[in-house]
Amino acid sequence: MKHLINLTVNGQKMTVEVESQRTLLELLRDQLSFTGVKEGCGDGECGACTVLMDGQPVRSCLILAVEAQNTEILTIEGLAAGDGLHPLQQSFVKEGAVQCGFCTPGFILAAKALLDRHPHPTDQQIREAMGGHLCRCTGYETIFLAIKAAGSKRR
Ligand code: FES
Ligand code: FES
């Protein structure tokens, strides 16, 4: 069964037709071509598919597209204004927190939600925000340092 849903993605209002069983991940990646949303496990375990829904990090593989009705979604494509990098992206590059990059959009969006709630997060809050996000490359410490550095630059 098909449904028409209204949502906003990266500031752009849209109406899209989706199948009942289509996930938000499939809608964003396959239908709308926001390929910065990564599919890792497809089962809620890795965090690669994380996007912000009304400012909260969600695993888009676990959410049906119809549940995004009347929400605002932010993907990594909508994070930076213009051609420059967002401060979190700059920080990840500076700290060497990006290797293959597959996990990076999920980590950065989760970090954005954290810094929006807690501009100067504690180490514990950073580690909790990183919880459930898997990275096969970096060993996590550089990601932790990148989030910490981005927080320390906030006023
Ligand atoms: S792809 Fe969604 S949590 Fe792994
Ligand atoms: S940078 Fe490769 S999985 Fe994290």
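Looking only at the range 54-108, how many residues end up being crowded, with 20+ Cβ neighbours inside 10 Å and of a type in the set (Gly, Ala, Ser)?
Of the residues in that region, 7 qualify.
Would you pick out the residues in the range 1-27 that are more than 23 Å from Thr104 (Cβ to Cβ), in contact (Cβ under 8 Å) with a residue 12 or more places away in the chain and of a type in the set (Val, Ile, Thr)?
Scanning the range 1-27 gives Ile5, Thr8, Val16, Val18.
Can you name the number of the only condition in (1) away from ligand 1 (no atom under 16 Å from the Cβ); (2) crowded, with 16+ Cβ neighbours inside 10 Å that Cys135 fails?
(1) is the only condition that Cys135 fails.
Taking the range 99-149 as the region of interest, how many residues are hydrophobic (A, V, I, L, M, F, W, C) and more than 9 Å from ligand 2 (Cβ to nearest atom)?
Residues in the range 99-149 being hydrophobic (A, V, I, L, M, F, W, C) and more than 9 Å from ligand 2 (Cβ to nearest atom): 15 in total.
Let me spell it out: the conditions are (1) touching a helix residue (DSSP H, G or I) at 6+ places or on another chain (Cβ under 6 Å); (2) more than 24 Å from Leu24 (Cβ to Cβ); (3) without any contact (Cβ under 8 Å) to a residue 40 or more places away in the chain, and Ser91 meets all of them except one. Which number is the exception?
Checking Ser91 against (1) touching a helix residue (DSSP H, G or I) at 6+ places or on another chain (Cβ under 6 Å); (2) more than 24 Å from Leu24 (Cβ to Cβ); (3) without any contact (Cβ under 8 Å) to a residue 40 or more places away in the chain, the one that fails is (3).
Here's a check for you: in the range 57-84, which residue that is without any contact (Cβ under 8 Å) to a residue 12 or more places away in the chain and more than 13 Å from Gly36 (Cβ to Cβ) is nearest to the chain's Cα centre (by Cα)?
This residue is Ala81.
Cβ-Cβ below 6 Å, separation at least six or inter-chain, first residue in the range 122-147 and closer than 19 Å to Gln90 by Cβ, second within 11 Å of ligand 2 (Cβ to nearest atom) and assigned to a helix (DSSP H, G or I): which pairs?
Here the result reads Ile143/Phe107; Ala146/Phe92, each pair linking the range 122-147 to a residue that is within 11 Å of ligand 2 (Cβ to nearest atom) and assigned to a helix (DSSP H, G or I).
Show the residue pairs meeting these rules: Cβ distance below 6 Å; 6+ apart or different chains; first residue within the range 28-56 and without any contact (Cβ under 8 Å) to a residue 24 or more places away in the chain; second residue part of a loop (DSSP other than H, G, I, E, B) and surrounded by fewer than 18 Cβ atoms within 10 Å (Cβ to Cβ).
Arg29/Thr35
Which residues, taken from the range 1-50, are more than 13 Å from the chain's Cα centre (by Cα), outside any strand (DSSP E or B) and of a type in the set (Asp, Glu)?
Glu26, Asp30, Asp43, Glu45
Read-outs throughout are calculated quantities, based only on the coordinates presented, and are distinct from any laboratory measurement. Everything quoted here is computed from the prediction, not taken from an experiment. Glycine gets a Cβ as well: all are built from the backbone with ideal geometry, and neighbour counts include every protein chain shown.
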